[in-house]
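A short worksheet on the structure shown next.
The values are calculated or read from the model by the stated rules, or taken from the named source; none is laboratory data. All figures in this text were calculated on a predicted structure; none of them were measured in a lab. Here the Cβ positions follow ideal geometry from the backbone for every residue, glycine too, while neighbour counts run over all protein chains shown.
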Amino acid sequence: MGLHELQLRNFRLFQEFSFEPDREAVTVLLSANGTGKTSVLEAVYALATASSFRTSSAGDMVRAGTNLAEVHGVVFQRERRVQVDLTLTRGVRNTTKRMLVNGQRPQSRAELSEALPLTIFTPEGVDIIRQGPENRRTFITNLLTDVDPTSADVIERFNRVLSQRNAVLRGIQGEWPTTSQRDELDVWSADLSLVSAQLVDFRRRLLNELEPLVSRAYMALAQNVQRVGVDYEQSWTGSLYDALQQSFDDDRFRGHTTVGPQRDDIAITLDGRDARRQSSQGEQRSLALALRLAGHELVQQKRGVDPLLLLDDVFSELDPLRSERLLQLLPVGQTLVTTASPLPSGMSPAVVLDLSKALA
């Protein structure tokens, strides 16, 4: 299983680019900064998630001076051949994305995850520890669909109901609602409460399974015996429906729902200390890596597949000892690595590709 072919057209710096990574081992993209190494990983990530790990604007992925970018990938799931295609069309106001899996539009991110599960490490990956809750919610949402694709239905339903409730609140525009508006809001509040309970249950169960794996990976990376906590932080108490009623005035003036799972967080601690505010940069980096390694291992355990591993210039951010420890912890399977500097001595890639020649 893994990525067998990748083709880019008008994606970032590339007018045309294609390559075939090693199917079972390490492929290294080794060239100077500014030659598109990270863009190749971004394209692979986009095939698996329909999004970018670098930007929230899809238009940024379209080559300057053009309005259409394409990414094509061929994946094998054991003996089954799967083709994944992404087309980005830049318009005057926004950029539209069109995904196809074997010629059919996927119904959810879970379908993409089934085609190409992956784990990514980037220098910015430490943001999952030290930045805001959105980074941690995104991590857990993506991991949920990778570990248990059936969770995608609950995630999609939650997003849809939340969007509908917010649309009613925007229509109120801070005024007192009409009877019909209040009735409609109550319906969406009840629906939101039900689907939120399911989503929170999925999240809590995932974190319970993840925590011991994170702890083990952290101790191996940091060579430091500290108790790692990965706990769910709910943003309301009691019944969510009651909390929505209590927050009604705030919601109608703000024009969106201010309580619910979309505001929840994950508390990550070391020996009871808040890792976001009370840990060193080295501890935060090791925790971020441990979270990704643990997620990768959980997918392997639950689905019996080896996700594609993407390492974007990770070793330049680690001291030699942590680099060697990370190498020892890297899972088997297909791996794509980018670097502008020599690799750690313990890494033996099957393929080394100089991307500067692709732009020549």
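Conditions (1) part of a strand (DSSP E or B); (2) in contact (Cβ under 8 Å) with a residue 60 or more places away in the chain; (3) aliphatic (A, V, I, L, M), marked per residue:
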site	(1), (2), (3)
ARG276	no, yes, no
ALA288	no, yes, yes
VAL305	no, yes, yes
PRO344	no, no, no
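Of note, LEU326 satisfies the criterion of being closer than 25 Å to PRO117 by Cβ, more than 18 Å from the chain's Cα centre (by Cα) and surrounded by 14 or more Cβ atoms within 10 Å (Cβ to Cβ).
Restricting GLY2, GLY36 to residues that are among the small types (Gly, Ala, Ser), in contact with a helix residue (DSSP H, G or I) (Cβ under 9 Å, 6 or more places away or on another chain) and crowded, with 19+ Cβ neighbours inside 10 Å narrows the list to GLY36.
Of all residues in the stretch 81-104, those that are under 15 Å from SER52 (Cβ atoms) have Cβ atoms under 7 Å from Cβ atoms of residues that are of a type in the set (Lys, Arg), 6 or more apart or on another chain, in LEU86/LYS97; THR87/ARG98; LEU88/LYS97; MET99/ARG105. Residue count for the stretch 155-194 under the criterion of being crowded, with 20+ Cβ neighbours inside 10 Å and either of a type in the set (Val, Ile, Thr) or closer than 15 Å to ASP251 by Cα (or both): the result is 10.
Return the only residue of PRO349, PRO307, PRO320 being in contact with a Leu (Cβ under 6 Å, 6 or more places away or on another chain) and either buried (at least 16 other Cβ atoms within 10 Å of the Cβ) or not assigned by TED's automatic domain parsing to the domain that holds ALA217 (or both).
Details: PRO349 fails: in contact with a Leu (Cβ under 6 Å, 6 or more places away or on another chain); PRO320 fails: in contact with a Leu (Cβ under 6 Å, 6 or more places away or on another chain).
None of the other options fit; the residue is PRO307.
Per the conditions (1) in contact with a Lys or Arg (Cβ under 8 Å, 6 or more places away or on another chain); (2) surrounded by 14 or more Cβ atoms within 10 Å (Cβ to Cβ); (3) not assigned by TED's automatic domain parsing to the domain that holds PHE53, the sole criterion not satisfied by THR89 is (3).
Quick one: in the stretch 195-232, of everything that is among the hydrophobic types (A, V, I, L, M, F, W, C) and part of a strand (DSSP E or B), which residue is farthest from ASN142 (Cα to Cα)?
The first filter runs over the stretch 195-232 and keeps only residues among the hydrophobic types (A, V, I, L, M, F, W, C), leaving 195, 197, 199-200, 202, 206-207, 210, 213-214, 217, 219-222, 225, 228, 230.
Subset that is part of a strand (DSSP E or B): 228, 230.
Numbers: VAL228: 22, VAL230: 17 Å.
Checked the stretch 195-232; the qualifying residue farthest from ASN142 (Cα to Cα) is VAL228.
Scanning the stretch 231-268 for residues that are among the acidic types (Asp, Glu) and crowded, with 16+ Cβ neighbours inside 10 Å turns up ASP251, ASP264, ASP265. For the stretch 241-256, the condition of being touching a Phe, Trp or Tyr at 6+ places or on another chain (Cβ under 6 Å) and in a loop (DSSP other than H, G, I, E, B) holds for none of the residues.
Take the conditions touching a His at 6+ places or on another chain (Cβ under 9 Å), at pLDDT 90 or above and assigned by TED's automatic domain parsing to the domain that holds GLN334 and apply them to VAL62. Does it pass? First the steps, then the outcome.
Numbers: touching a His at 6+ places or on another chain (Cβ under 9 Å): no; at pLDDT 90 or above: yes; assigned by TED's automatic domain parsing to the domain that holds GLN334: yes.
So VAL62 fails the test.
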